[in-house]
Amino acid sequence: MTIDIKNLVRKNILSLKPYSSARDEFEGENGIFLDANENPFGELNRYPDPYQLKIKQKLSELNQISTENIFLGNGSDEVIDLAFRIFCEPKKDKVLTFSPTYGMYEVSANINDVELINLELNKDFQIDLETLKPYFEDENLKIIFICSPNNPTGNSIKNIKYILENFNGIVFIDEAYIDFSQEESFRNQIKNYSNLIVSQTFSKAWGMASVRVGIAYASEEIIKFYNKVKPPYNISQLNQDAILNTLNDEKINQVSENIKIILEEKKFLIQNLKKMNLVKTIFPSDANFVLIEVDNADSVYQELVNQNVIIRNRNSVIKNCLRITVGSPDENKKLIETLQNID
Ligand code: PMP
């Protein structure tokens, strides 16, 4: 299925030009730069590369994806928000999500004054295709957000291929937790689907949440639209340097080792949670967290807080459910001991 992305884009975006500076015409680093009203003194006085080419080149080598298929955002939260700006006309267009899921799709929909259709995942936290299908006909439905592995449930979502094959709008797959899972990333499918955006992040498996860098992989055409709407200097030089310093073999190996430790620790947590009377259900997780059901989530949550152990109370979105992030071995032991005392 080939989809003309131009038909999906907001009309005012079509004619916009991406940000360019006088410096783009200059190659090399030894010029006298009097073009951008910067201060000549200091170490952080220059504006950063607006297109973060060095990082994109590294990612391109690592993942065998062209730099033209990569966009970097101020966290994947910015990647999500800019998708609204590109595709959704306020007060007219709609997006669709499957709840319970990551809260930012709704936050961005509200900020951008775009209607959000919310379909509930079924009891296995999977998409019910029969409920979804009629929405494919809605011409104002521009983006379907799929979070896989899903936050806060932890499971990977099936049936994504069917949606890609049958929906004529944008399919946005949020893979923030993909590096903890055995599933293959949809990143490799961007050549097959011109309407696919896959977002990933340095915040989770890469351990760099404070740096705020997220990634979108998509067709060249979509990436060009991202470049038209992005704030010119959305990733600071300090943050670009921090990411570049991680993209070498030694650090990448360290990241892989840390993922292994986190997954081992997840097993440790699950084994111990299984033994507890207060835990009713442990939901399958492909991420670095587990969702559990207890008799009274509010009281378990509060008792943990009283002992300085903070987990996420999801009672308001899934009855009596708590989401626990896998921490360091010491943190996980402390959590288990504290829970055992409550049990
Ligand atoms: N997507 C999901 C599913 C998340 O859980 C989060 C953060 N909790 C994000 C995106 C945002 O990540 P980032 O730090 O890249 O903005």
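Values in this text are rule-based calculations from the coordinates and carry no lab data. Bear in mind the structure is a predicted one, so any value in this text is a computation, not a measurement. With ideal geometry, Cβ positions are generated from the backbone for all residues, glycine too; neighbour counts draw on all protein chains shown.
A compact table of results
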{"item": "Proxy reagent accessibility, fewest Cβ within 10 Å first, across SER210, SER194, SER156, SER21", "result": "SER210, SER21, SER194, SER156"}
{"item": "For the range 37-98 and the range 135-180, distance of Cα centres in Å", "result": "20 Å"}
{"item": "Helix-only [θ]222 nm of the chain, DSSP H runs n ≥ 4, -39500 (n - 2.57) each, per residue, nearest 500", "result": "-10000 deg cm²/dmol"}
{"item": "Cα gyration tensor category, rounded, prolate or oblate, for the range 76-169 with a/c compared to 1.5", "result": "oblate"}
{"item": "Entries in LYS91/LYS204; LYS266/LYS333; LYS54/LYS251; LYS17/LYS58; LYS58/LYS191; LYS11/LYS224 that, when Cα-Cα distance is taken, lie over 23 Å", "result": "LYS91/LYS204; LYS17/LYS58"}
{"item": "Size of the chain as Cα extents on the principal axes (Å, biggest first)", "result": "68, 52, 33"}
{"item": "Relative contact order (%) - criterion: Cα under 8 Å, at least six apart; region: the chain", "result": "18 percent"}
{"item": "Cα-based helix-to-principal-axis angle, 220-229 vs the chain, degrees rounded to 10", "result": "80 degrees"}
{"item": "At 1.567 mPa s and 4 °C, Stokes diffusion of the range 1-132 via Kirkwood alpha-carbon radius, µm² per second", "result": "69 µm²/s"}
{"item": "Nitroxide proxy distance, nm - points 7 Å out along Cα→Cβ at GLU303 and TYR19", "result": "5.1 nm"}
{"item": "Within the chain, percent of DSSP bridges classed antiparallel, to nearest 5", "result": "50 percent"}
{"item": "Reach of LYS123 by Cα under 14 Å, taken over aspartates and glutamates that are not fewer than 8 positions away in the same chain", "result": "GLU293"}
{"item": "Relative contact order for the range 105-163, counting Cα pairs under 8 Å that sit 6 or more residues apart, in percent", "result": "27 percent"}
